[in-house]
Structures are given as C-alpha cells and as structure tokens.
Amino acid sequence: MYTENGRIPAATAQISGSKEYDTINGKADFYDTYGGTIVVAEVQGIPEGLGNGFFGFHIHQGGACTGNEEDAFADTGQHYNPQDKPHPEHAGDLPPLLNNKGTAWMVVYTDRFYPEDVIGKTVVIHSKPDDFRTQPSGDSGKKIACGVIKERTNR
Ligand SMILES: [Cu+2]
C-alpha cells in the first residue's frame, strides 16, 4: 500500500459497487499535503464487460451512497463544487481511473481542496470516461461505485 511519507491518510473512503456492479471494491485515501491533498485510489473487481478503458472519478457533494432503481447513487448529488464553477473546474473533479483487467490504481495531487473539506462527501466511479466538456458532469455515464469519505481518527 502506498503511504505518503509513511503518514496515515487524513480521510478514507471504502468504495463498493452498486447492486449491478457488486464485484467492485476498493478505497480512496486522502493525505493532507502542503497546499492541498494527495488522493490515492485503489479499486478491484471492475467487471470485464465494462472494458479496459477510463472511468469517470469525482467527489460528489452528497453524503450517502444511496439512490433508487434508476440511479443507484442518486443521493450523491452533483459534483463537489463550492465555488460554483463549470465542469471540469469543480473542486471535486479528478482524473478518470484507468482499468487494467479489473484493477485501477491512481495517485493524484490536487490543490482544489484539503481532506477536511471533503469529509462527509462521496467519491463516485462512473461507467464511462469523463469528456471534460459536457455539463454538468462530463457525460461520464452511470454511477457504478461509491464510497463515503470519512475522517481517520487514529492519526
Ligand atoms: Cu461523478
């Protein structure tokens, strides 16, 4: 497991797939870093049928991985966007995940938020790549996996 200079992440989200994509599991760690956050995402069990492509990955403002028949994670709401900017300038916009036969691993630095800003919000994985143009969320398709971002208290 990757650790940022041996430190423990300030926040973590355990990621699970929706009922339709229940093999997906993983986590996202948020490390407090000078000027922002290092996000480390590890995801396994992405079903073969979805292909070895890119999957939209964002922080959404809602605080629960619940939804309805049509949208399993509808309650995650819109992208985390405290400054009311267009996509892909939302604070919660991140690079898509790259799927490698079911596994994705990514590390990215962002200065758009600190870990404490996103505690209680959600990370969402989508079925399609983010096109970084279409409003409001990059035409990234269905929400296939989700995790609530929780503070790590054992620091
Ligand atoms: Cu999203």
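Provide the convex hull volume over Cα atoms per residue for region 1-126, in Å³.
On the way: hull volume 12.8 nm³, N = 126.
Value for region 1-126: 101 Å³ per residue.
How large is the charge dipole for region 1-113, taken about the Cα centre, if only the Cβ atoms of Lys, Arg (+1) and Asp, Glu (-1) carry charge, to the nearest 20 debye? Present the calculation step by step, with values, prior to reporting the outcome.
Values: 6 positive and 15 negative charges, 70 e Å.
It works out to roughly 340 debye.
So what is the relative contact order for region 34-149, in percent, with contacts set as C-alpha pairs under 8 Å and at least six apart? Walk me through the numbers before you get to the answer.
On the way: 281 pairs, mean separation 41.1, N = 116.
In percent, rounded to a whole number, it is 35.
I'd like the distance between the alpha-carbon centres of region 1-63 and region 77-126, rounded to an integer number of Å.
Each part reduced to its Cα centre gives a spacing of 9 Å.
So what is Rg over Rh here for region 55-155, counting just Cα atoms and using Kirkwood for Rh? Please list the in-between numbers first.
Working: Rg = 13.1 Å, Rh = 13.8 Å.
When Rh is taken as the Kirkwood radius, the ratio is 0.95.
I'd like to check one number: the per residue accessible area of region 58-155, probe 1.4 Å, reported in Å² as a whole number. Intermediate results must be reported in sequence, preceding the final value.
Details: 5180 Å² over 98 residues.
With all protein chains present, region 58-155 gives 53 Å² per residue.
Once a ≥ b ≥ c are taken as the square roots of the eigenvalues of the Cα gyration tensor of region 32-81, is the result rounded (a/c under 1.5), prolate (a/b larger than b/c) or oblate (a/b not larger than b/c)? Write out the running numbers ahead of the final one.
Numbers: a/c = 2.53, a/b = 1.17, b/c = 2.16.
Because a/c hits 1.5 or more and a/b fails to exceed b/c, region 32-81 counts as oblate.
Return the loop-located GluC sites (Glu not before Pro) in region 2-91 (DSSP other than H, G, I, E, B) with at most 14 other Cβ atoms within 10 Å of their own Cβ; answer none if there are none. Intermediate results must be reported in sequence, preceding the final value.
Values: sites: E4, E20, E42, E48, E69, E70, E89; in loops: E69, E70, E89.
Answer in residue order: E69, E70, E89.
Could you give the Stokes-Einstein D for region 61-117 in µm² per second, using the C-alpha Kirkwood radius, 20 °C, 1.002 mPa s? Display every interim value, and only then the final one.
Numbers: Rh = 13.4 Å.
Rounded to a whole number, D works out at 160 µm²/s.
Per DSSP H run of at least 4 residues, take -39500 (n - 2.57); add these up for the chain, divide by its residues and hand me the 222 nm value, nearest 500 deg cm²/dmol.
Values: 1 runs with 4 residues, N = 155.
When only DSSP H runs of four or more count, the value is -500 deg cm²/dmol.
The values are calculated or read from the model by the stated rules, or taken from the named source; none is laboratory data. None of these values were measured; they are calculated from a predicted model. Cβ coordinates were reconstructed from backbone atoms using ideal geometry, including for glycine residues, and neighbour counts include every protein chain displayed. These area figures cover heavy atoms from the full protein model, side chains too; ligands, DNA and RNA do not enter into them. Shrake-Rupley method; radii C 1.70, N 1.55, O 1.52, S 1.80 Å.
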